[in-house]
Amino acid sequence: MKKVALIYSFNSTKTAKIAEKIIKEWADESLIPVNAENIDENTFMAYDQLILGVPTWFDGELPNYWDEFVPAIDDLNLNGKTFAIYGLGDQVNYSENFLDAVGIMASLLESRGASLIGFTRSEGYNFERSRSIRGDQFLGLAIDYENQHQLTDSRIKSWVKQLKEEFGK
Ligand SMILES: Cc1cc2nc3c(=O)[nH]c(=O)nc-3n(C[C@H](O)[C@H](O)[C@H](O)COP(=O)(O)O)c2cc1C
C-alpha cells in the first residue's frame, strides 16, 4: 500500500490532537506520522502523497516550524506530488485572518508544481476574510477548535473519506 505522510508538529497542542483523530479515522497503516519540527527536504520528497497540519499564528502567519521550512520548499520541484492541508484557526478572535496559513502554504506548494486536494465548502463558518478561500471553498479542512469543537469529529470523518477517494486509496 502506498504511504501517505501526515506531517504536523508533535509539540503542538491542538494540531497534534487533530492529527490523532485523523490517524484513528484513517484506520490503516498507510498513514505515516512525521514531525514537522525537524522536517528536511529528503523526508519531504520521500512521499508522493502528503497531508500537512497547518495552524495559523501571529495574525495570519505560518507557525515558526513551517516558516523555517519555507525557503527549502521554495527550492523543491513538487511536480507529481499531491498535498492535502488541514488548518486550525479561530474565526471569532481572528475573523480577518481566519486560517490564512492554509492559503499561504497552498500557494507555496502550487507555485512549486504540486497538486492540491481535499478542498471543503465554507458553509457553516462565519468570518470576515481568509487567504484560504478559493471560490466558495477552503483549500483544505478548516478546524476551529475554539468555537466549533462539536463539529470537529464529523468534519474529520467526512474529510478522511474524501481524501481516501481523492488520493485513490
Ligand atoms: C497568538 C495567536 C495568534 C493566532 N492567530 C490566528 C490567526 O491569525 N488566524 C486564525 O485563524 N487563528 C489564529 N489563532 C488561533 C490558532 O490557530 C488556534 O488556536 C489553533 O488551534 C492553534 O493550534 P496549535 O495549538 O496546534 O498551534 C491564533 C492563536 C494564537 C494563540
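The values are calculated or read from the model by the stated rules, or taken from the named source; none is laboratory data. Bear in mind that the values here come from a model prediction, so they are computed numbers and not experimental data. In this analysis, Cβ positions are derived from the backbone assuming ideal geometry, glycine residues included, and neighbour counts consider all displayed protein chains. Calculation scope for accessible area: heavy atoms of the full protein, side chains included, ligands and nucleic acids excluded. Shrake-Rupley method; radii C 1.70, N 1.55, O 1.52, S 1.80 Å.
A compact table of results
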item	result
Condition met for PHE98 (open to solvent by less than 30 Å² (accessible area, probe 1.4 Å), near the ligand (Cβ under 10 Å from one of its atoms) and either among the basic types (Lys, Arg) or assigned to a loop (DSSP other than H, G, I, E, B) (or both))	yes
Matching residues, the range 17-33, being buried (at least 18 other Cβ atoms within 10 Å of the Cβ) and either within 12 Å of the ligand (Cβ to nearest atom) or modelled with pLDDT under 95 (or both)	ILE18, ALA19
Contacts under 8 angstrom Cβ, first residue in the range 94-118 being of a type in the set (Gly, Ala, Ser), partner at pLDDT 95 or above and part of a helix (DSSP H, G or I), 6 or more apart	ALA101/TRP66; GLY118/TRP159; GLY118/GLN162; GLY118/LEU163; GLY118/GLU166
Subset of the range 34-82 (residues that are polar (S, T, N, Q), in contact (Cβ under 8 Å) with a residue 40 or more places away in the chain and more than 16 Å from the ligand (Cβ to nearest atom))	GLN49, THR82
Filter result (out of contact with any strand residue (DSSP E or B) (no Cβ under 7 Å at 6 or more places or on another chain) and either part of a loop (DSSP other than H, G, I, E, B) or under 21 Å from ARG155 (Cα atoms) (or both)) within the range 101-111	GLY103
Single residue of the range 80-93 satisfying the filter (part of a loop (DSSP other than H, G, I, E, B) and among the small types (Gly, Ala, Ser)) that is nearest to LEU109 (Cα to Cα)	GLY80
Count - residues of the range 145-160 that are in contact (Cβ under 8 Å) with a residue 40 or more places away in the chain and among the hydroxyl-bearing types (Ser, Thr, Tyr)	2
Residues satisfying the stated conditions in the range 130-143, i.e. without any contact (Cβ under 8 Å) to a residue 60 or more places away in the chain, surrounded by fewer than 24 Cβ atoms within 10 Å (Cβ to Cβ) and assigned to a loop (DSSP other than H, G, I, E, B)	GLY135, ASP136
Test result for ASN11, within 13 Å of the ligand (Cβ to nearest atom) and loosely packed, with under 14 Cβ neighbours inside 10 Å	yes
Flag if TYR86 is among the aromatic types (Phe, Trp, Tyr), closer than 24 Å to SER12 by Cα and under 17 Å from the mean Cα position of the chain (by Cα)	yes
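Listed here are the residues, each with its yes/no results for (1) within 16 Å of the ligand (Cβ to nearest atom); (2) open to solvent by 60 Å² or more (accessible area, probe 1.4 Å); (3) part of a loop (DSSP other than H, G, I, E, B).
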| position | (1), (2), (3) |
| --- | --- |
| GLY113 | no, no, yes |
| LEU116 | no, no, no |
| GLU123 | no, yes, yes |
| GLU128 | yes, yes, yes |
| SER154 | no, yes, no |
| SER158 | no, yes, no |
| LYS169 | no, yes, yes |
